[in-house]
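*Asks:* Here's a structure for you.
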Amino acid sequence: MKVLELFGHHISYSASPVIHRAALRVLGLESEYDYVLTDVSPAHFPREIERFRESGVGANVTVPHKRMAAEACDELTDDARMTRAVNTIVRTGTRLTGHNTDIPALADEIRALSPDGVRRAVVLGNGGASKAVQLALFRMDAAVTVAQRRDGSLRNVGALLRSADLLVNATPVGTLSDESPIDPEDLRPEVAVLDLVYRPTPTTLVEDARAIGARARNGGGLLVGQAWRSLALWLAPEGITVGPEIADPMLAALLDELGAESV
């Protein structure tokens, strides 16, 4: 059995195994491949990467390891290099290539929310996920303002949203809780909301946005979008083609797992 894995820490909530196994079933590969969680602390991440370098098949990377993964790879794609964040690792021999499949997946999600384009966006957080959001928006010619607790700018998010048409939550706030990263009074009907958190579905932020008539999506679409692209990279050397059509059964499996009707 060839094992694909997700490197992260405190990730027992992750639905990645569910959606990847759904894709592998559709592809008829469930007896050849599996997808598992590898929960590892930052202190032990370098050791796990060296183990993967010798015997790994394919890996995703999530918080808090995306930047460390970029440093550990021998080669980075342009997207991974520009963000200094890796969410997908492809192993060839003992060489590791770092990719960032979050960026095209984010672009899809942003276009779904804002088909007429984005003029100005406010992004909450400044970690690896935020860097991917910023790059995706930059390529759409959107002006981006980053708000974070560290410099106090998060306190001014209400004022920032008065001139924005998109809000993206790129922090983990709201994961497995009813917490929201901002006060609901700061939201505006004309500002679309993309919350990268997907568990629970909907998140409190998404519920608050929809309650005032704003368009809003959670991170389920992003999870699926980056996942099928990762799977395509891992299986391509085996001569197996994976395209966007695999997203439908992956999304269906995710919604079933979350007990939700949509993202």
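*Asks:* For region 38-61, check the following and say yes or no: at least one residue is in contact (Cβ under 8 Å) with a residue 12 or more places away in the chain, small (Gly, Ala, Ser) and surrounded by fewer than 16 Cβ atoms within 10 Å (Cβ to Cβ).
*Replies:* yes
*Asks:* Mind listing just one residue for me: the one in region 218-242 that is small (Gly, Ala, Ser) and closer than 24 Å to LEU194 by Cα and, of those, surrounded by the fewest Cβ atoms within 10 Å (Cβ to Cβ)?
*Replies:* GLY221
*Asks:* Turning to a different aspect of this structure: Could you tell me how many of the residues in region 113-135 are within 17 Å of PRO189 (Cα to Cα) and out of contact with any strand residue (DSSP E or B) (no Cβ under 6 Å at 6 or more places or on another chain)?
*Replies:* 4
This table checks each residue for (1) touching a residue at least 24 places away in the same chain (Cβ under 8 Å); (2) touching a strand residue (DSSP E or B) at 6+ places or on another chain (Cβ under 8 Å).
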| position | (1), (2) |
| --- | --- |
| GLU190 | yes, no |
| THR203 | yes, yes |
| ASP208 | yes, no |
| VAL224 | yes, no |
| GLU238 | no, no |
| THR241 | no, no |
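Rundown of residues vs (1) without any contact (Cβ under 8 Å) to a residue 24 or more places away in the chain; (2) buried (at least 19 other Cβ atoms within 10 Å of the Cβ); (3) under 26 Å from VAL224 (Cβ atoms), yes/no style:
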{"residue": "VAL90", "(1), (2), (3)": "no, yes, yes"}
{"residue": "THR94", "(1), (2), (3)": "no, no, no"}
{"residue": "ILE110", "(1), (2), (3)": "no, yes, yes"}
{"residue": "GLY117", "(1), (2), (3)": "no, no, yes"}
{"residue": "GLN148", "(1), (2), (3)": "no, no, no"}
{"residue": "VAL157", "(1), (2), (3)": "no, yes, no"}
{"residue": "ASN169", "(1), (2), (3)": "no, yes, yes"}
{"residue": "THR175", "(1), (2), (3)": "no, no, yes"}
{"residue": "SER180", "(1), (2), (3)": "no, yes, yes"}
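*Asks:* Would you check which residues across region 139-158 are assigned to a helix (DSSP H, G or I) and either within 17 Å of the chain's Cα centre (by Cα) or farther than 17 Å from LEU196 by Cβ (or both) and list them? Please lay out each step first, then the result.
*Replies:* Of region 139-158, the ones assigned to a helix (DSSP H, G or I) are 153-158.
Matches in region 139-158: SER153, ARG155, ASN156, GLY158.
*Asks:* Let me ask something else about it. Could you tell me which residue of region 1-22 is surrounded by the fewest Cβ atoms within 10 Å (Cβ to Cβ), considering only residues that are in a loop (DSSP other than H, G, I, E, B) and polar (S, T, N, Q)?
*Replies:* The residue in question is SER12.
Only the coordinates and a few stated rules stand behind these numbers; no lab work does. Since the structure is predicted, the reported quantities are computational estimates derived from the model, not experimental observations. No Cβ is skipped: glycine too gets one built from the backbone with ideal geometry, and neighbour counts run over all protein chains shown.
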